[in-house]
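*Asks:* Quick one: the structure is below, and I'll ask about it shortly.
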Amino acid sequence: DYRGYGRSGGTPTASALLDDALEVYRLAGKGLADHGYTYSRLFIMGRSLGSAAALEIAASAGIEINGLIIESGFAYPLALIERLGGPSSERLGEESCGFDNLAKIERVKVPTLIIHGEEDFIIPFEEGQELFRRCASPKKEFLSIPGAGHNDLLLRDRRGYFGAIKRLVF
């Protein structure tokens, strides 16, 4: 769990989430190396809030990873905070948020898959489209799932979902 979520202690902040993502990525690589393995085929995936963590890793790791999958990712964090009942974007100011998914995805050059439900009321479909549009990868795919919201993509199109992942990975 992210710091401050589920069974994890601490306080949830944007900077803690991003720092923790990079630390987990670093420690996973060290753990593999300690046992004689390397990241030979590593794909990073983030869903919803996890899209920020995945983009932080992808922007930092560059071509060390083999690909990126973003499911129900957000492009505009302050609008999301406001939709979820947090302070208005006018009160927060863009710089106080800590996430900048659009700038990060503009640095992603590895193969990328973005999956988004067309009926997502938590993170609008257009935000997934904007992440796709801004992604710098020459090999990218956008999977739109008709009738799907934020939490039912697999229920709506399991075959399309896993088919797109298969195309990316193989």
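*Asks:* Which residue, LEU42, LEU68, GLY10, has the largest displacement toward the positive end of the dipole of the chain when charges sit on each Cβ (Lys, Arg +1; Asp, Glu -1)?
*Replies:* LEU42
*Asks:* How far apart, in nm, are the 7 Å Cα→Cβ label points at GLU82 and PHE121?
*Replies:* Using points 7 Å along Cα→Cβ, the separation is 1.9 nm.
*Asks:* Another question, if that's okay. What list of ³J(HN,Hα) values in whole Hz, one per residue of the stretch 53-64 in order, does the Karplus curve 6.51 cos²θ - 1.76 cosθ + 1.60 (θ = phi - 60°) give from phi, with Gly and Pro shown as x?
*Replies:* Whole-Hz 3J(HN,Hα) from phi for the stretch 53-64: 5, 5, 5, 4, 5, 4, 5, 7, 6, x, 7, 5.
*Asks:* While we're on this one: Within straight cross-link reach of LYS166, meaning Cα distance under 25 Å, which lysines are found once same-chain residues fewer than 8 apart are removed?
*Replies:* Of all the lysines, those that pass the test against LYS166 - Cα under 25 Å, at least 8 places apart if same chain - are LYS104, LYS109, LYS139, LYS140.
*Asks:* As an exercise, use a Förster radius of 22 Å and the Cβ-Cβ distance of ARG134 and ALA33 to find the FRET efficiency, rounded to the nearest 0.05. Each step should come with its number before you reach the end.
*Replies:* Values: r = 33 Å, r/R0 = 1.51.
Working from the Cβ atoms, E equals 0.10.
*Asks:* Rounded to whole Å, give me the distance from the Cα center of the stretch 17-32 to that of the stretch 122-170.
*Replies:* So the two Cα centres are separated by 25 Å.
*Asks:* Within the chain, what whole-number % of the accessible surface is contributed by carbon and sulfur, with the 1.4 Å probe and all protein chains included in the calculation?
*Replies:* Working: 5040 of 9350 Å².
After summing per-atom areas, the C and S share lands at 54 percent.
*Asks:* For the chain, what is the calculated [θ] at 222 nm in deg cm²/dmol (nearest 500), taking -39500 (n - 2.57) for each run of four or more DSSP H residues and dividing by its residue count? Display every interim value, and only then the final one.
*Replies:* Values: 7 runs with 76 residues, N = 170.
Here the helix-only value at 222 nm equals -13500 deg cm²/dmol.
*Asks:* Answer with a single label: of (1) 24, 22, 15; (2) 22, 20, 17; (3) 30, 20, 15, which was calculated as semi-axes √(5λ) of the Cα gyration tensor in Å from the structure in view?
*Replies:* Checked against the structure: label (1).
*Asks:* In nanometres, what is the gap between the two model label sites at ASP1 and MET45, each 7 Å from Cα along Cα-to-Cβ?
*Replies:* Result for the modelled spin labels: 2.2 nm.
*Asks:* Can you list, bin by bin at 5 Å, the percent of alpha carbon pairs in the stretch 8-66, starting at 0?
*Replies:* 4, 17, 27, 24, 16, 8, 4, 0
*Asks:* Taking 7 Å along the Cα-to-C-beta vector as the label spot, tell me the LYS109-ARG26 distance in nanometres, rounded to one decimal.
*Replies:* About 2.3 nm, to one decimal.
*Asks:* Ok, one more. Take peptides 74-82, 6-14 and line them up by average Cβ neighbours within 10 Å, highest first, as a rough protection proxy. Each step should come with its number before you reach the end.
*Replies:* On the way: 74-82: 20.1, 6-14: 10.2.
For the peptides 74-82, 6-14, the packing ranking is 74-82, 6-14.
The values are calculated or read from the model by the stated rules, or taken from the named source; none is laboratory data. A quick note: this is a predicted structure, and the numbers were derived from the prediction, not measured. Every residue, glycine as well, gets a Cβ built from its backbone with ideal geometry; the counts of neighbours run over all protein chains shown. Surface areas here come from the heavy atoms of the whole protein model, side chains and all, with no ligands, DNA or RNA. Shrake-Rupley method; radii C 1.70, N 1.55, O 1.52, S 1.80 Å.
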